[in-house]
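Participant: Let me give you the structure first, and then I'll get to my questions.
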Amino acid sequence: MAEILMMLAVIAVAGGLAGIISGLLGVGGGIILVPALFYVFGAMGYHSDHVMQVCVATSTGTIIFNSIRAVQGHAKRGAVDFAMIRQWGPFIALGSVIGVFAAAALHSDQLQLVFGSIGVCLGLYMAFGKRDWRISDVLPGPALRSVYAWLIGFFSAIMGIGGGSFTVPLLTAYGVPPHRAVATSSGFGLLISVPAFVTFLLTGWGLEGRPPFTLGYVNLPAVVLVAVASTLTVPIGVKMAHRLSPAQLRTTFACTILLLAGNMLRKALMG
């Protein structure tokens with residue numbers, strides 16, 4: 001019983017931190033939740049070829065709640081570009097569904113390697129990339145936009161994140177102010193997490209070695225616990241985001257990703 005209570009406490013704390021990160025950075029909190037869930041399930045003795053998929057799938061479920069609260073908070077401040085969300089949305093949703101099937105086809109250690117490698121690359125870009133570097137001062141046209149949106153949905157679903165890790169660097173490279181990029185990426189999180197969550201629920205049946213109360217690839221108790229904890233803390237992150245300067249927001253984003261994704265990459269490489 002003590003071990004179970006400790007597990008629930010760790011998940012609840014991770015959920016609270018994920019809520020803050022979601023509101024602060026627009027990343028849906030998955031960049032924290034996936035590693036946290038992976039270590040919690042590992043400590044419980046679950047080391048199957050599919051445990052990383054369970055972590056990613058469970059994270060997508062919690063992103064739904066985080067994204068709703070984050071969008072509401074940013075929208076009150078007029079920072080969300082809803083026209084952009086409508087234009088990019090269908091391709092993001094399609095990419096997320098395909099990303100789920102790609103994640104299901106990988107072994108757990110392979111998915112760890114993907115998560116860690118992509119996360120470290122994103123963190124390094126945000127930490128050391130030139131802040132005034134621009135692809136263009138105008139957002140991409142329909143053809144290129146659809147490609148970007150598909151890739152955002154695809155890789156976000158594989159990693160169990162809300163898309164902000166890709167969207168924020170991309171939009172800022174096209175001249176979108178960091179605060180608007182963060183706010184709009186919260187909307188993208190819904191377009192990623194809802195179709196990905198449903199697809200994860202419908203796949204993964206009959207697999208051995210999943211934690212208890214796992215439906216498809218989704219661990220339902222963790223979704224509920226994290227959703228409750230993170231919903232309470234998202235407004236804190238939103239307030240912090242609007243108090244930080246663009247430089248501080250970028251540094252916080254980079255450090256968070258490098259710390260968590262780097263640790264995941266280390267574990268994947270060392271076995």
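Coordinate-derived values only; no laboratory data. Since we're looking at a predicted model, the values are computed, not measured. Note that we place each Cβ from the backbone using ideal geometry, even for glycine, and neighbour counts take in every protein chain shown.
Participant: What list do you get for Met44, Met159, Met84 if you sort them by fewest beta carbons within 10 Å? Before the final figure, lay out each step's value.
Facilitator: On the way: Met44 14, Met159 28, Met84 20.
Listed from fewest to most nearby Cβ atoms, that is Met44, Met84, Met159.
Participant: For the chain, what does the relative contact order come out to in percent, with C-alpha contacts under 8 Å and a separation of six or more? Write down the numbers at each step before the final one.
Facilitator: Details: 521 pairs, mean separation 101.9, N = 271.
Across the chain, relative contact order equals 38 percent.
Participant: How large is the helix-only mean residue ellipticity at 222 nm for the chain, computed as the sum of -39500 (n - 2.57) over DSSP H runs with n ≥ 4, divided by its residue count, in deg cm²/dmol to the nearest 500? Before the final figure, lay out the partial values.
Facilitator: On the way: 10 runs with 208 residues, N = 271.
It comes out at -26500 deg cm²/dmol, rounded to the nearest 500.
Participant: Once both labels are modelled 7 Å past Cα along the beta-carbon direction, what's the His242-Trp205 spacing in nm?
Facilitator: 4.5 nm
Participant: Extending each Cα 7 Å along its Cβ direction at Ala75 and Leu144, get the distance between those two points in nm, one decimal.
Facilitator: 3.0 nm
Participant: Let me ask another. Label 7 Å along Cα→Cβ of Met270; segment 115-153 residues with amide nitrogen under 20 Å?
Facilitator: It comes to 115-121, nothing else.
Participant: Considering segment 46-188, what Rg and Dmax in Å follow from its alpha-carbon atoms?
Facilitator: Every Cα atom of segment 46-188 included, Rg and Dmax give 15.4, 48 Å.
Participant: Quick check on the chain: take the gyration tensor over C-alpha atoms, sort the square-rooted eigenvalues as a ≥ b ≥ c, and tell me if it's rounded (a/c under 1.5), prolate or oblate.
Facilitator: Numbers: a/c = 1.62, a/b = 1.47, b/c = 1.11.
Because a/c hits 1.5 or more and a/b exceeds b/c, the chain counts as prolate.
Participant: Kindly state, to the nearest 0.05, the FRET efficiency for Ala9 paired with Phe128, given R0 = 25 Å and r defined as their beta-carbon distance.
Facilitator: 0.10
Participant: Continuing with the same structure: Long-range amide H contacts for Val218: which residues qualify at under 5 Å (H placed 1.01 Å from N, peptide plane, sequence gap of 5 or more or a different chain)?
Facilitator: none
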